[in-house]
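The structure appears right after this line, and notes come after that.
The values are calculated or read from the model by the stated rules, or taken from the named source; none is laboratory data. Just so we're clear, the structure is a prediction, and the values are computed from it rather than from any experiment. Here the Cβ positions follow ideal geometry from the backbone for every residue, glycine too, while neighbour counts run over all protein chains shown. Note: areas computed on protein heavy atoms with side chains; ligands, DNA, RNA excluded. Shrake-Rupley method; radii C 1.70, N 1.55, O 1.52, S 1.80 Å.
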Amino acid sequence: MAISQRMARAILLAPAGLWYAVLLVLPLIVVLVYSFGERGAAGGYAPAFTLAQYANLGARWTAFQNTLLLAPAGTLAALLIAYPLAYFLALRVSARWRTTLLVLVIVPFWTSILIRSYAWIFLLGGRGIPQLLSDLGLGDLRLINTPFAVLLGIVYGYLPLMVFPIYVSLEKLDKRLLEAAGDLGAPPWRSFLQITLPLSLPGVATGSMLVFILLMGEYLIPQMLGGGKVFFVGNALVDLFLQSRNWAFGSALAVTLVAIMLVTVTLYMRFLKRIGAARDDVGLM
Amino acid sequence: MRLYAFAVYAFLYLPIGIIALFSFSAGRNASQMQGFSTQWYGRALSNPFVLDALQTSALIAFASAVLASLFGTLAALALSGMKGRLRTLFDALIYIAVMIPGIVIGIATLIALVTVFDAVNPWLEGATGWRLSMGAGSLIAAHGLFTMSLVIILVRARIEGMDRALLEASADLGAGPLATFRQVTLPLLAPAILAGFLLSFTFSFDDFIIAFFVAGSETTLPIYIFSSIRRGVTPEINAIGTMVMAVSLLMLVIAQITLRRAEKPNPQ
């Protein structure tokens, strides 16, 4: 019986296991191996064992600089906008409306980011808001293809992902703590600073990490709203793999990107342990 | 506070709403609504490139969602109640598959598959006359990685929330393991599987970045839209975009309703 149960499990797991082996583990190993290789004569990859690609990372320094500047900035902006909303949903809305309002926050995340970024091209582009402003006699304003447009697109795209984890941790908060603080004479701002905010930190950390990690690999938003002027690592990767076909250097860039993300996740886990919070399970819906 | 929340919802929905509104504009001007017309929808739906891309996208999304729901459910069944190293390994793989940025998945899949195909093709062509190349198949497989992980997460959560007493009762009443699975387990899991299928379809249908690398010579709808936008903003794109959003919204609403219904246990 024990053996047949094992067999059944193996059969059930086989397709998924094969998928992960061929389409996740193998590709990641290939990227790692290629990152130590050289560019082939006709593009692509030529076998070698060299650190030259990593030594050359400085050539794409601007992309890293932009990413490491705008990804945290975007995360922070999304956090500042998301927190009050999550607070409102968790503590100020009646149970009847809560689910609907929460779903309304998450729905945009599951719709095409391409179309949602396009919406901002439409709004910020020459014939959108700038035209409207100059018709009103408010002068010329250039919005599209600026860092501001990219930041706006980032916040717009990732806000839902930030609201949800913060909401979860605020919703779990024991409301009696707040009542007790009030009974003991603490003004609302004080019970917020000493109870609500510290207890919601795990949600803040989870949301920030999720958004930050996804932003590190962002391509579409800077491409569409930055117009090639605000270059992220993702844009450099597309260039290296689809235009200049330098797989070895591109792989080194991708490995570096993943390494930065791994370090961030590790630091985040440490931070969570230090503030003594269990990991919040982040629902995707 | 209420006003603030209202402003954030406006921020989230106004841009989408404006795209939808202007898709019905008769003119080409983006700063001013000019009359009402459905001509851009007519134009989009008679554009052979759009129809072709739509068909490709729908086919790929359907195939990868079917595979993900089937294999993901099987894996979730095996993983529930399992302990030890294999479980830890799968948990790690699922986590990595969900968390790693699409662009890295796209690149890694591209170079790994091209390398494997280049190695296998001379031999395969000699033996069968067939060649492997990047295209619909590789894209279905690459989308399947993310969507399968999604299905595993959803279905496993449902299995863990399932009432074990029902399974015991079924066994006590003389049902064999297979009958119990068909008559008790599967109906209980069905909403999670369906929700997983719909989310998988939506993900694949909307994905641009993985397809950008892995689709080979195939043009999916997001790839078509992306290249059209590069050539300039047109009202036709507004119409296509509105339709794409409508498809996602429809899928999401159905997924939400199924999950919500399933969470409320039947009083009887």
Before we move on, is B:SER57 touching a Gly at 6+ places or on another chain (Cβ under 6 Å), open to solvent by less than 20 Å² (accessible area, probe 1.4 Å) and modelled with pLDDT of 95 or more?
-> no
When every residue in segment A:122-153 that is small (Gly, Ala, Ser) and more than 13 Å from chain B (Cβ to nearest Cβ) is compared, the one nearest to B:ASP207 (Cα to Cα) is A:GLY139
Within the set of pairs 6+ apart or on separate chains, which have a first residue in segment A:105-116 that is more than 7 Å from chain B (Cβ to nearest Cβ), a second that is at pLDDT below 90, and C-beta atoms under 7 Å apart?
-> A:ILE106/A:MET285
Of the residues B:ALA92, B:ALA65, B:ALA141, which single one is within 12 Å of another protein chain (Cβ to nearest Cβ) and either touching a strand residue (DSSP E or B) at 6+ places or on another chain (Cβ under 8 Å) or modelled with pLDDT of 95 or more (or both)?
-> B:ALA141
For B:ASP206, the lone unmet condition from (1) more than 8 Å from every other protein chain (Cβ to nearest Cβ); (2) farther than 16 Å from B:ARG43 by Cβ is (1)
Checking B:TYR41 against (1) within 24 Å of the chain's Cα centre (by Cα); (2) more than 30 Å from A:TYR45 (Cβ to Cβ), which single condition isn't satisfied?
-> (1)
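Could you go through segment A:235-243 and let me know if any residue there is aliphatic (A, V, I, L, M), open to solvent by less than 40 Å² (accessible area, probe 1.4 Å), over 19 Å from A:ALA73 (Cα atoms) and more than 10 Å from chain B (Cβ to nearest Cβ).
Looking through segment A:235-243, at least one residue is aliphatic (A, V, I, L, M), open to solvent by less than 40 Å² (accessible area, probe 1.4 Å), over 19 Å from A:ALA73 (Cα atoms) and more than 10 Å from chain B (Cβ to nearest Cβ).
May I ask you to verify whether A:ALA119 is touching a helix residue (DSSP H, G or I) at 6+ places or on another chain (Cβ under 7 Å), modelled with pLDDT of 90 or more, within 11 Å of chain B (Cβ to nearest Cβ) and over 29 Å from A:THR264 (Cβ atoms)?
yes
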Taking segment A:221-234 and keeping residues open to solvent by less than 10 Å² (accessible area, probe 1.4 Å), within 12 Å of another protein chain (Cβ to nearest Cβ) and under 19 Å from A:LEU114 (Cβ atoms) leaves A:ILE221, A:PRO222, A:LEU225, A:PHE232, A:GLY234
Which condition number in (1) within 19 Å of B:PHE11 (Cα to Cα); (2) at pLDDT below 90 is the one that A:GLN131 fails?
-> (1)
Kindly indicate whether any position in segment B:144-158 is farther than 21 Å from B:THR202 by Cα, more than 9 Å from chain A (Cβ to nearest Cβ) and part of a helix (DSSP H, G or I).
-> no
Of everything in segment B:111-138 that's within 13 Å of B:ILE60 (Cα to Cα) and either away from chain A (no Cβ under 14 Å) or in contact with a helix residue (DSSP H, G or I) (Cβ under 8 Å, 6 or more places away or on another chain) (or both), which residue is surrounded by the most Cβ atoms within 10 Å (Cβ to Cβ)?
-> B:SER138
The condition of being in contact with a helix residue (DSSP H, G or I) (Cβ under 6 Å, 6 or more places away or on another chain), open to solvent by less than 50 Å² (accessible area, probe 1.4 Å) and not hydrophobic (A, V, I, L, M, F, W, C) holds, among B:THR219, B:THR202, B:THR185, B:THR234, only for B:THR202
Which one of these does B:SER133 not meet: (1) among the hydroxyl-bearing types (Ser, Thr, Tyr); (2) part of a helix (DSSP H, G or I); (3) within 30 Å of A:ALA236 (Cα to Cα)?
-> (2)
Does any residue of segment A:249-262 turn out to be surrounded by fewer than 22 Cβ atoms within 10 Å (Cβ to Cβ), outside any helix (DSSP H, G or I) and within 11 Å of chain B (Cβ to nearest Cβ)?
-> no
Select from segment A:182-199 the residues that are surrounded by 13 or more Cβ atoms within 10 Å (Cβ to Cβ) and assigned to a loop (DSSP other than H, G, I, E, B) and list them in ascending order.
-> A:ALA186
Qualifying positions in segment B:188-199 - under 17 Å from B:GLN256 (Cβ atoms) and open to solvent by less than 10 Å² (accessible area, probe 1.4 Å) | B:ALA192, B:ALA195, B:GLY196, B:LEU199
Could you list, in sequence order, the residues of segment B:100-151 that are small (Gly, Ala, Ser), under 16 Å from the mean Cα position of the chain (by Cα) and within 18 Å of B:VAL214 (Cα to Cα)?
-> B:GLY102, B:GLY106, B:ALA136, B:GLY137, B:SER138, B:ALA141, B:ALA142, B:GLY144
Residue satisfying all of: in segment B:34-48; open to solvent by less than 40 Å² (accessible area, probe 1.4 Å) and either in contact with a strand residue (DSSP E or B) (Cβ under 7 Å, 6 or more places away or on another chain) or of a type outside the set (Phe, Trp, Tyr) (or both); nearest to A:ARG127 (Cα to Cα) among these = B:SER37
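Does segment A:60-80 include one or more residues that are touching a Lys or Arg at 6+ places or on another chain (Cβ under 8 Å), part of a helix (DSSP H, G or I) and either on the phi > 0 side of the Ramachandran plot or without any contact (Cβ under 8 Å) to a residue 60 or more places away in the chain (or both)?
Checking segment A:60-80: not a single residue is touching a Lys or Arg at 6+ places or on another chain (Cβ under 8 Å), part of a helix (DSSP H, G or I) and either on the phi > 0 side of the Ramachandran plot or without any contact (Cβ under 8 Å) to a residue 60 or more places away in the chain (or both).
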All positions within segment B:228-249 that are away from every other protein chain (no Cβ under 11 Å) and free of Cβ contacts under 8 Å to residues at least 40 places away in the same chain = B:ARG231
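Per-residue answers, yes or no, for (1) open to solvent by less than 20 Å² (accessible area, probe 1.4 Å); (2) within 13 Å of A:ALA86 (Cβ to Cβ):
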{"site": "A:PRO108", "(1), (2)": "yes, no"}
{"site": "A:GLY125", "(1), (2)": "yes, no"}
{"site": "A:LEU136", "(1), (2)": "no, no"}
{"site": "A:ALA149", "(1), (2)": "yes, no"}
{"site": "A:PRO160", "(1), (2)": "yes, yes"}
{"site": "A:ALA180", "(1), (2)": "no, no"}
{"site": "A:LEU201", "(1), (2)": "no, yes"}
Taking segment A:35-56, which residues are within 14 Å of chain B (Cβ to nearest Cβ), open to solvent by 20 Å² or more (accessible area, probe 1.4 Å) and hydroxyl-bearing (Ser, Thr, Tyr)?
-> A:TYR45
If we keep just the residues of segment A:205-216 that are within 12 Å of chain B (Cβ to nearest Cβ) and open to solvent by 10 Å² or more (accessible area, probe 1.4 Å), which is nearest to the chain's Cα centre (by Cα)?
-> A:LEU214
Determine whether segment A:81-98 contains at least one residue that is open to solvent by 50 Å² or more (accessible area, probe 1.4 Å), within 8 Å of chain B (Cβ to nearest Cβ), assigned to a helix (DSSP H, G or I) and not hydrophobic (A, V, I, L, M, F, W, C).
-> yes
